[in-house]
1. Given a 1.4 Å probe and the protein chains all in place, what does the accessible area of TYR172 round to, in Å² to the nearest 10?
2. Work out the charge dipole of the chain with +1 on the Cβ of Lys and Arg and -1 on the Cβ of Asp and Glu about the Cα centre, then indicate which of GLY128, ALA266, ASN109 is farthest towards its positive end.
3. Going toward the positive end of the dipole of the chain, with +1 on Lys and Arg Cβ and -1 on Asp and Glu Cβ, which of TYR172, THR229, ALA191 do you reach last?
4. Separation between the TYR297 and LYS176 pseudo-spin-labels, each 7 Å from Cα along Cα→Cβ, expressed in nm?
5. Strictly greater than 13 Å: what percent of every Cα pair in segment 50-108 meets that?
6. Tell me, what is a quarter of the convex hull surface for the C-alpha atoms of segment 89-207, in nm² with one decimal?
7. For segment 230-244, in order, what is each residue's ³J(HN,Hα) by Karplus, 6.51 cos²θ - 1.76 cosθ + 1.60 with θ = phi - 60°, in whole Hz (x at glycine and Pro)?
8. In straight Cα distance, which lysines are under 19 Å from LYS119, not counting same-chain residues fewer than 8 positions off?
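The values are calculated or read from the model by the stated rules, or taken from the named source; none is laboratory data. Everything quoted here is computed from the prediction, not taken from an experiment. No Cβ is skipped: glycine too gets one built from the backbone with ideal geometry, and neighbour counts run over all protein chains shown. SASA here: full protein model, heavy atoms, side chains in, ligands and nucleic acids out. Shrake-Rupley method; radii C 1.70, N 1.55, O 1.52, S 1.80 Å.
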Amino acid sequence: SRFREGLAKTRSSFSEAMNELFAQYREVNEDFFEELEEILISSDVGVETVMEIIDELRNESLLKNIRTTEKLTPLITEKMAEKLDRTGEDSKLNMNPDGMTVMLFVGVNGVGKTTTIGKMAHQMKAEGKKVVLAAGDTFRAGAIEQLEGWGERAGVDVIKQQAGSDPAAVIYDAIKSAKSRQADVLLCDTAGRLQNKVNLMNELAKVKRVITREIPEAPHEVLLVLDATTGQNAMSQAKTFREATEVSGIILTKLDGTAKGGIVMAIRNELNIPVKMVGLGEKLDDLQPFEAEDFVYGLFK
Ligand code: GDP
């Protein structure tokens with residue numbers, strides 16, 4: 001599948017290490033667990049998550065009397081998938097069943113926020129939805145033009161104001177216009193200023209207030225966009241954003257360009273925020289729903 005192809009880099013480094021491990025150890029013992037632990041940590045799975053996985057594997061292998069590493073493999077994949085998707089429905093986007101759905105995109109510059117909005121607009125339009133984009137990143141030079149470019153490519157309208165204008169005013173405008181155009185979905189870009197957390201917090205709070213005033217149950221999603229190639233740095237960004245606003249889901253971009261795909265597990269498990277979608281390239285159809293089982297099984301193939 002596309003999903004597995006996009007994971008080629010993560011997969012090759014991970015499965016190479018796993019193959020070596022299984023070739024070296026036929027028997028489940030402490031040395032095996034220690035090496036497995038090291039492989040997972042070096043794949044950016046995250047120390048806490050790794051500890052949990054190893055502890056549970058250790059206990060269950062005793063309990064179920066699993067003595068060969070070969071017999072342990074299904075349990076390893078099962079554990080990893082379980083850590084990635086606790087409800088089995090993690091990747092579902094929350095859509096408004098009777099009215100316009102509003103989604104807010106947050107994240108620092110360069111992570112792929114604008115690209116992701118463009119891809120999502122394209123996909124939703126292909127599903128027959130009427131999509132409108134709001135150019136709420138009035139701060140970064142070129143952000144508005146870039147979003148307009150994606151709007152053109154996807155064939156959807158973009159609501160904008162001048163650079164430097166108040167993001168909340170842009171979003172307010174966009175809600176009004178989108179409503180009058182009877183849009184199904186409004187995708188809102190925002191500025192990604194992390195340097196000043198208080199500003200970021202205030203700005204996002206203001207934007208959310210404007211949205212909620214117009215549509216009480218909105219925003220239906222606040223999606224944090226993170227760049228997988230930045231590994232543990234993405235984790236610390238996620239922590240900061242979570243302090244600044246409520247985040248309902250994560251979109252992890254550039255999984256195609258990294259061997260650090262294991263970061264998905266750390267994010268899911270340590271932040272307890274579902275990974276909803278992943279970016280697997282720069283083209284319009286390179287955004288895919290995150291499939292936990294597919295992800296883990298992909299790593300082992
Ligand atoms: P923003 O500043 O967060 O809006 O980031 P952009 O949308 O401008 O993206 C920054 C760069 O990352 C661009 O060159 C994009 O083409 C690239 N990019 C975004 N998503 C992906 C992805 O999933 N895979 C790859 N390989 N590149 C991506």
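1. Estimated to the nearest 10 Å², TYR172 gives 80 Å².
2. Value: GLY128.
3. Toward the positive end, the furthest listed residue is TYR172.
4. About 5.1 nm separates the two model spin labels.
5. Counting every Cα pair in segment 50-108, those more than 13 Å apart make up 72 percent.
6. Computed as one quarter of the Cα hull surface, the answer is 7.5 nm².
7. Going residue by residue, I get 8, x, 5, 5, 4, 4, 6, 4, 4, 4, 5, 5, 5, 6, 7 Hz, with x marking Gly and Pro.
8. LYS92, LYS129, LYS130, LYS160, LYS254, LYS276, LYS283
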